[in-house]
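Nothing in this text is a laboratory measurement; each read-out follows from the coordinates by a stated rule. Worth saying up front: this structure is predicted, and the values here are computed from it rather than measured. Glycine gets a Cβ as well: all are built from the backbone with ideal geometry, and neighbour counts include every protein chain shown.
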Amino acid sequence: MKIYGYGRQSINDDDINAVVEVLKSSYLTCGPKVKEFEKAICGYTGAKYCVAVNSATSGLHIAMLAAGISKGDEVITSPMTFLASANCAKFTGADVKFADIEKDTANIMPQEIKKHITNKTKAVIPVHFAGQSCDMEKIQQIAKEHNLYVVEDAAHAIGSDYKSVKVGSCKYSDMTVFSFHPVKTITTAEGGAVTTNSEELYNKLCAFRAHGMHKDGDMINTWEYEMRELGFNYRMTDVQAALGISQLKRLDFFKKRRREIVDFYNKNLRLPHLIEKDFSNACFHLYPILIENRKDFYFKARENGLNLQVHYIPVHLQPYYRNSGYKKGDYPNAENYYEHCISLPLYPDLTNDDLIEITQRIKGIVK
Ligand SMILES: *Cc1c(COP(=O)(O)O)cnc(C)c1O
């Protein structure tokens with residue numbers, strides 16, 4: 001029996017050749033490919049600046065640092081996300097507040113963000129769940145009223161559009177963070193990127209990515225550099241960047257194929273799933289369905305060669321966050337979504353025969 005996971009990378013000969021070419025070159029890291037990848041992401045998204053990093057987690061961390069988030073501040077994000085969307089604020093010593101999600105998209109609800117704003121709130125991190133953009137115009141409006149930074153967690157959403165502009169353009173935000181982990185839409189093995197239109201934020205992001213080092217003015221043609229803040233080594237390698245450049249060229253095809261698969265499931269399974277809003281043209285990362293007895297379904301799916309995944313256990317229910325006082329009942333929409341969600345296989349290398357096979361197995365389970 002063929003085994004299917006919920007997501008996997010698509011690697012072709014162009015991707016492999018791009019990586020091999022770098023391995024034969026002079027620079028495995030700190031070479032020209034990283035800049036070329038950053039330029040390509042700017043070209044694709046329309047953002048002015050891009051900083052490639054070794055993961056989206058690192059990208060979210062330096063985005064928080066660039067925004068000046070620190071101890072005593074509060075940052076608002078969705079409870080229905082991967083840990084890193086919240087942890088990035090904690091890395092800086094700030095506190096995390098959550099705002100509940102919409103039932104039909106699993107995206108953060110703008111009105112809920114408003115409810116959790118205090119005079120300590122400095123930033124909001126909307127997460128574009130399953131690839132569909134949050135309602136960024138509303139979120140930007142709220143952020144403007146309260147003088148907040150907006151950092152988009154677009155780990156799911158490279159290739160997606162919101163009101164006909166690309167996610168990552170930063171038209172409605174200060175910074176956008178992408179992930180290139182193999183389950184995401186394009187991959188660099190591990191990797192991420194932050195886009196922005198602000199030169200000031202860009203310079204800070206570059207410094208925090210590399211030890212807080214600056215080399216400018218008279219230093220450029222000498223050995224000199226200055227460390228002006230405490231930074232990290234969050235650099236992406238040229239090997240990764242070369243893979244990213246090649247993958248980015250395939251992104252529009254990935255998007256088309258992912259939508260075909262989503263349409264196929266919608267039409268042939270007819271199980272409760274998330275809906276897409278009019279403002280969205282998503283490059284879908286996940287296809288979650290909502291199942292009454294999810295645990296039973298999960299184990300039956302496994303017996304049928306479908307290794308599915310649950311996205312996500314609400315972050316506020318993790319022991320670490322419960323320690324700061326969060327408990328069951330705090331975010332009912334996220335908790336209810338979690339009780340029923342499970343993500344079906346969604347990746348471009350699935351063939352039409354795979355889709356028929358997967359659909360048949362699922363129908364056999366839900367009957
Ligand atoms: C995957 C993911 C991340 C973290 O990405 P890494 O590149 O693995 O660090 C952050 N946020 C969300 C919503 C994700 O899905």
- Once you've got the Cα coordinates, tell me which of Lys144/Lys277; Lys2/Lys163; Lys33/Lys166; Lys71/Lys277; Lys256/Lys300 are over 28 Å apart. Lys2/Lys163; Lys71/Lys277; Lys256/Lys300
- Note on the structure: With a ≥ b ≥ c from the Cα gyration tensor eigenvalues, square-rooted, and the rule rounded for a/c under 1.5, otherwise prolate when a/b > b/c and oblate otherwise, region 60-125 is oblate
- Task: Count the net charge of all other residues whose Cβ sits under 15 Å from the Cβ of Ala40, scoring Lys and Arg as +1 and Asp and Glu as -1.
- Result: +1
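Classify region 222-351 from the C-alpha gyration tensor, please: rounded if a/c falls under 1.5, else prolate or oblate depending on whether a/b exceeds b/c.
It is oblate, given that a/c is not under 1.5 and a/b is not larger than b/c.
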- Summed side-chain charge close to Ser26 - residues other than Ser26 whose Cβ falls under 14 Å, Lys, Arg +1, Asp, Glu -1: 0
- Message: Can you tell me how the chain classifies by the Cα gyration tensor, rounded, prolate or oblate, using a/c under 1.5 as the rounded cut?
- Response: oblate
- Sequence-distant or interchain residues sharing an amide H contact under 5 Å with Ala155, placed H: which? His128, Ser179
- Item | DSSP bridge pairs, the chain: antiparallel proportion in percent, nearest 5 | 60 percent
- Note on the structure: Note, region 137-144: 3J(HN,Hα) by Karplus (6.51, -1.76, 1.60, θ = phi - 60°), whole Hz, Gly/Pro = x, goes 4, 5, 5, 4, 4, 4, 4, 5
- Item | Distance between region 22-39 and region 107-156 - C-alpha centres, whole angstrom | 34 Å
- Task: Count the net charge of all other residues whose Cβ sits under 13 Å from the Cβ of Glu339, scoring Lys and Arg as +1 and Asp and Glu as -1.
- Result: +1
- Counting alpha carbon pairs within less than 8 Å and at least 6 residues apart, what relative contact order, in whole percent, applies to the chain? 23 percent
- With DSSP loop assignment and no more than 10 other C-beta atoms within 10 Å, the trypsin sites (Lys or Arg not before Pro) in region 52-136 are Lys71
